[in-house]
């Protein structure tokens, strides 16, 4: 606690910095709890302290995110995050050691890549987390995240080879999970994380030995690295999920273990697919989008039936906004003429929808759908996607302003375009290929529609509308992804199978209890 003789300016400066961190919380929560939260941190501050500690800043920011997502009151989520954090660090360090010492040397000197800087940072993060006192243990992890994040702009500027993008993002996500977990207490957890990192590296090297041909990888290491790393993370997720099964069998709470498994599965799902031979039908972007949506949908199930999976009105707003963003992209991509002005109906609909009653919204959305079908010039898949998004908007008229979803979709489409063209601003890939890749963004609104359908069906009112939403969402996503099932990454297969298995186990246990 600051001493009575401490300069007021020091206390005021520390208080201002704590209050700036509270911007992560919703405004209503800040007005209600800001003084209490800041006062608590000031009471715990050391004499002369002028800046929030890293652990305090991480706790405030993660708490704000949980509040905005409505998850802060879930004690099982907090317990799951505490379980996931050490496992995430073991995975990050173990995969870094494997990639640095076993994979990078296969393709020339490691010094020719920027990757070793990031990999070394994670090994140092593990050493610091294990050896430093608890209050300093998370500092090396934050440093490793900063070094890893800098790899992308540095390699983009210098032209040096970089590690796979999704490996970099997965490492950052594992670091975030580590920072969100409590600092290590005791030697047992530190020894367990060290052992986990060694096992991770050894398992990856064993898998590498089974895949590496005598001629090495003639096409480079990008795709094999993703596949191997994804498989290793899937093994870790399966191990944590086994803890949930054991807890369920023993009659203990399984939800903390489920939360931990899903938190780890989220970045693990980015490490795929197993093969990109089916691109653009199901490539890396589709894997990432689908895996993220599947894991998030599973998280809504773990939250329980006390809250709706997705507010129903959100499905219409997201669908209309996404349709408008995609229409604007195809309009610009198609160029002048060729009926490209037919997409203007979606832009009109997204602008006037908040001003109209339900009937008026349905009329403008119907007109936009008709105009797209009559004069639209995009590929058939794009037209089908826009029309189906329009049907979702007809089933659930937008409540609120769909314009942010439209802007977000259009900006995401621009990023995907740069991604498809090797992060260059000048297009080098045919527009038809890029357009098919951009369409994978629609996985998000159709997933929202499916979850909204679940909410409607649960409520036992308007079940026909709920079933229609469910069919629209799962039908579109299934048509895009199920034909390429063989290419799915392991997380995409593991999460639905584990959820189904655990559900069957809980049903059997409940039936046995009723018989007693």
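With the requirement that a residue be loosely packed, with under 10 Cβ neighbours inside 10 Å and outside any helix (DSSP H, G or I), what does the range 484-516 give you?
Passing the criteria: only 516.
Kindly provide the set of residues from the range 182-197 that are under 19 Å from residue 171 (Cα atoms) and loosely packed, with under 14 Cβ neighbours inside 10 Å, ordered by number.
The one that is under 19 Å from residue 171 (Cα atoms) and loosely packed, with under 14 Cβ neighbours inside 10 Å: 195.
Kindly check whether there is at least one residue in the range 322-331 that is at pLDDT below 90, in the same structural domain as residue 433 (by TED's automatic domain parsing) and within 19 Å of residue 384 (Cβ to Cβ).
yes
Kindly provide the set of residues from the range 237-262 that are at pLDDT 90 or above and either surrounded by fewer than 17 Cβ atoms within 10 Å (Cβ to Cβ) or over 18 Å from the mean Cα position of the chain (by Cα) (or both), ordered by number.
Result: 238, 239, 240, 241, 242, 243, 256, 257.
Say whether the condition of being surrounded by 22 or more Cβ atoms within 10 Å (Cβ to Cβ) and under 15 Å from residue 189 (Cα atoms) is met by at least one residue in the range 126-135.
Yes, the range 126-135 contains a residue that is surrounded by 22 or more Cβ atoms within 10 Å (Cβ to Cβ) and under 15 Å from residue 189 (Cα atoms).
Which of the following residues is touching a residue at least 60 places away in the same chain (Cβ under 8 Å), touching a helix residue (DSSP H, G or I) at 6+ places or on another chain (Cβ under 6 Å) and closer than 23 Å to residue 62 by Cβ: 192, 183?
Within the list 192, 183, the selection yields 183.
Within the range 288-297, is even one residue touching a helix residue (DSSP H, G or I) at 6+ places or on another chain (Cβ under 9 Å), closer than 30 Å to residue 467 by Cα and modelled with pLDDT under 80? Explain how you work it out, then say what you get.
The initial filter retains those residues of the range 288-297 that are touching a helix residue (DSSP H, G or I) at 6+ places or on another chain (Cβ under 9 Å), namely 288-297.
Filter once more, so that each one left must be closer than 30 Å to residue 467 by Cα: 288-297.
Filter once more, keeping what is modelled with pLDDT under 80: none.
No, there is no match, as no residue in the range 288-297 is touching a helix residue (DSSP H, G or I) at 6+ places or on another chain (Cβ under 9 Å), closer than 30 Å to residue 467 by Cα and modelled with pLDDT under 80.
Just a yes or no: is a residue in the range 496-505 without any contact (Cβ under 8 Å) to a residue 40 or more places away in the chain, more than 30 Å from residue 312 (Cβ to Cβ) and not assigned by TED's automatic domain parsing to the domain that holds residue 385?
Looking through the range 496-505, none of the residues is without any contact (Cβ under 8 Å) to a residue 40 or more places away in the chain, more than 30 Å from residue 312 (Cβ to Cβ) and not assigned by TED's automatic domain parsing to the domain that holds residue 385.
Considering only the range 23-48, state which residues are touching a residue at least 40 places away in the same chain (Cβ under 8 Å) and either closer than 14 Å to residue 179 by Cβ or surrounded by fewer than 18 Cβ atoms within 10 Å (Cβ to Cβ) (or both). Give the steps one after another, and end with the answer.
So the first thing to find is which residues in the range 23-48 are touching a residue at least 40 places away in the same chain (Cβ under 8 Å), and the list is 23-26, 42-45, 47-48.
The answer is 23, 24, 26, 42, 43, 44, 47, 48.
Which ones in the range 452-478 are within 25 Å of residue 268 (Cβ to Cβ) and at pLDDT below 90?
If the condition is that a residue be within 25 Å of residue 268 (Cβ to Cβ) and at pLDDT below 90, then 454 is the only one that fits.
All but one of (1) modelled with pLDDT of 90 or more; (2) surrounded by fewer than 24 Cβ atoms within 10 Å (Cβ to Cβ); (3) closer than 16 Å to residue 299 by Cα hold for residue 268; which doesn't?
The failed condition is (2).
The values are calculated or read from the model by the stated rules, or taken from the named source; none is laboratory data. Since the model is a prediction, treat every value here as computed from it, not as a measurement. Every residue, glycine among them, receives a Cβ derived from its backbone with ideal geometry; neighbour counts consider all protein chains shown.
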